[in-house]
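The values are calculated or read from the model by the stated rules, or taken from the named source; none is laboratory data. As the structure is a prediction and not an experimental result, all values here were calculated from the model. Positions of Cβ are backbone-derived with ideal geometry, glycine not excepted, and every protein chain shown enters the neighbour counts. In case anyone asks, the SASA skips ligands and DNA or RNA and just uses the protein heavy atoms, side chains included. Shrake-Rupley method; radii C 1.70, N 1.55, O 1.52, S 1.80 Å.
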Amino acid sequence: MIMIFISFCAHTQENHSISGYVRDAANGEGMIGVTIYIKELKTGTQTNSYGFYSLTLPSGNYEFQLSYIGYKPLVKNIFLDSDRSLDFEMGESEAILQEVVVKAEREDANVKSIEMSVNKVEMKTIKKMPAFLGEVDLIRSIQFLPGVSTVGEGASGFNVRGGGIDQNLVLLDEAPVYNSSHLFGFFSVFNPDAVKDVKLIKGGIPANYGGRVSSILDVRMKEGNSKKSSFSGGIGSIFSRFSYERPFLQNKGSFIVALRRSYIDVLAKPFLNETLKGSRFYFYDLTAKGNYKVNDKNTIFLSGYFGRDVFGADFGFNWGNSTTSFRWNHVFNQKLFLNTTVFYSNYDYSLDSDLKKENNQDSFRWNSNIVNYSIKPDFNYYLNTKNTLSFGGQAIYYTFNPGQATATSGGESRSIGLDSKYAVENALYISNEQKINNKLSLQYGLRYSNYRYLGKGVAYILDEKSAIPGERKDVTEVISYDKGEKIQTYGNWEPRFSANMNLGASNSLKLSYNRLAQYIHLLSNTTASSPLDVWTPSSNNIKPQIANQVALGYFQNFADNEFEASIELYYKKLQNQIDYVRNADLLLNPAVEADLLRGKGRAYGAEFFVKRNKGKLNGWLSYTLSRTERLVEGLNNNDWFPSRIDKTHNISLVSILETGKKWTFSGTFTYSTGTPASFPTNKFLWQGIALPHNYFDNRNTYRIPDSHRLDLAATRKNKHAFFKRGESEWVFSIYNVYNRRNPFSVYVRQNEDNPALTEAVKYSVFASILPAVTYNFNF
């Protein structure tokens, strides 16, 4: 069907193709999203995720205009009379980033591009924003964007347009990261010194992405400096980071290695009492990547991430991510480009009642993990200047270990746990980006995903007919399956569509629709997700989540593209959303599916965004007005109720001021409506003790108080780093400037002095001003 829409234009003169890579002149890195504009034809293209471009043009002389924010515009006159390959290098502007004025025609890419509901934040900008304890954090930075929120300060992950944290596909060099946070959400797992590009897709999701129903956070790592050796890092209040990159094999390849380690445990040790002397609370991560150019048509990449958190005293937690990605870029010809990715991803987590390993008589240890293996070929076929085809597929093999535990009592050990679960997810997709004319551009595609839940294992047959809505279901039968035997199969067609109608030189109207399917689920009935929440596959009782989203946006640039503004309206309909019976048992429960409820969801809202791109003072203001609701039979009297992550109002302000070559000042302010909560309506007194009770069984009818916070930072650049080499800077930051105690949750408890009385308690993660100093260097 897609090929029907592709227009083939007949030309009276011969066409030729020109293709190649656009790289950073300073380090040889491929540049993502560089605009290449052909002045004579008023058309152009952008480089893909690996810096590759391709254009098919009639014979003739052309002026190529290359532009990218923060880099000098590059203009080349090229005579095209045959197919050819041509690489470009772009250098950073000598002016500061905020004063760069790019003269190329496509400076207004946010208006002209087919993309909508997409936010890209430069790492240079992220590094200038105030950060918690002075440490640059990618996840915290994207929470200042419209449509992005979190349930509270210190919460793990992030929420996008009413979706849960498990509904975001977080990719690091195309490998999924299942827990994007260190230290229970205070820091992200991404080392800023190793990150090249960050892209958040909230809607109009292209067909090459799948597996989650809310958003895609695509993080690309640096490839390593192929021009020279460099060493960079930072020494901060609670952890330090170091990275090293250099070329090898006569500049045919390069690599980068980046390491971080916190030392809160080391700094706190002198102040701990005897019972806490053995406490361990730290995290570390190692990020590495290398690439090698085999020849002009083949390049290979190998990257990996290995991180871990350890937290506890006698009783502790331990969790971490490991990913490995191997990618092969192959250029068949000037029109056809292939990237094949093979990745491994493992997220494991554990509990240990004897963290010091001193008690061999009585202990409890519990381990769980989720492992993925995948292969993913992606093709780009540059048909002509009006059509770019993308097609490919993906196969993922899942292994779920819900939990294996060893309990020791009196020196005798007993193993308990759940059987591992297995699943395979396959997908094929095709899409086309088509420029109808100078006014209208389209992107349309189709993805088909197929999922199989496999043995070895058992399937629980639940009594659906006689089950009471909202209550635990009875297990009527248990069926055993052999290794590789099919237990349940699902398949879903996932159409995607986006359109851009240019209304004028500086404004446009955009529309998008996408349908997505998600076959894995995160089981958590706590206020915020924890590292010990359980991942589980779709099964005969758990259906895949489905999302249908439509979005409409108006985009406008002002003052010669100095300001950009947008308004986006969205409506998302969700199916097969998981909820829980009262007092659900989620850990080490073989029949956990009997404790799960299935319902509907809907999320709708408006996102307002204004950004200044030029000048010494720049930044953005975003406001989101939204609503997120659930409908689950047996809960809230079978009526719609606000989701736990619902926030009606969310305002964010980011401001960065460049005063000269030495000093940069920045500030951020956030305000958000409190999240919904359920509280008792009455209480029972039993033997003088108050027992809270919700008589009407209402869900999330109250809200905790609103949250707001101001953060400030100042950066002073030095002439040199160590031994009068390179460059360095001091970063001074203040988190929570006016000492606001934002509520994370509000709960009801018995009064300590009088058990017959109950009281509401507000819990805050941060209750004071947090200043910090960080020293960064690069040479």
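Some points to look at:
- For the range 85-112, a residue qualifies if it is modelled with pLDDT of 90 or more and either surrounded by 20 or more Cβ atoms within 10 Å (Cβ to Cβ) or among the charged types (D, E, K, R) (or both), and the qualifying residues are Asp87, Glu89, Met90.
- Taking the listed residues Ser539, Ser530, Ser508, the one that is open to solvent by less than 10 Å² (accessible area, probe 1.4 Å), closer than 26 Å to Asp419 by Cβ and not assigned by TED's automatic domain parsing to the domain that holds Ile205 is Ser539, with no other qualifying.
- Of Ile656, Ile651, Ile645, all but one fail to be outside any strand (DSSP E or B) and either in contact (Cβ under 8 Å) with a residue 40 or more places away in the chain or of a type in the set (A, V, I, L, M, F, W, C) (or both); the exception is Ile645.
- Assessment of the range 195-214 against the conditions (touching a residue at least 60 places away in the same chain (Cβ under 8 Å), surrounded by fewer than 24 Cβ atoms within 10 Å (Cβ to Cβ) and either assigned to a helix (DSSP H, G or I) or in the same structural domain as Gly33 (by TED's automatic domain parsing) (or both)) yields no matching residue.
- Here Lys683 does not fit the description of being in the same structural domain as Asn742 (by TED's automatic domain parsing), exposed (fewer than 15 other Cβ atoms within 10 Å of the Cβ) and over 29 Å from the mean Cα position of the chain (by Cα).
- Criterion violated by Lys376 - all others in (1) at pLDDT 85 or above; (2) basic (Lys, Arg); (3) open to solvent by 30 Å² or more (accessible area, probe 1.4 Å) satisfied: (3)
- Note on the range 315-344: among residues that are part of a loop (DSSP other than H, G, I, E, B) and crowded, with 16+ Cβ neighbours inside 10 Å, the one that is modelled with the lowest pLDDT is Gln334.
- Within the range 711-765, strands (runs of 3 or more DSSP E) holding 2 or more residues that are under 29 Å from Thr125 (Cα atoms) and modelled with pLDDT of 80 or more: 727-735
- Against the list (1) within 17 Å of Trp319 (Cβ to Cβ); (2) at pLDDT 95 or above, the condition Ser353 fails is (2).
- Residue match in the range 26-43 (condition: open to solvent by 10 Å² or more (accessible area, probe 1.4 Å) and closer than 15 Å to Ser85 by Cα): no
- Residues located in the range 396-418, provided they are assigned to a loop (DSSP other than H, G, I, E, B) and surrounded by 15 or more Cβ atoms within 10 Å (Cβ to Cβ): Leu418
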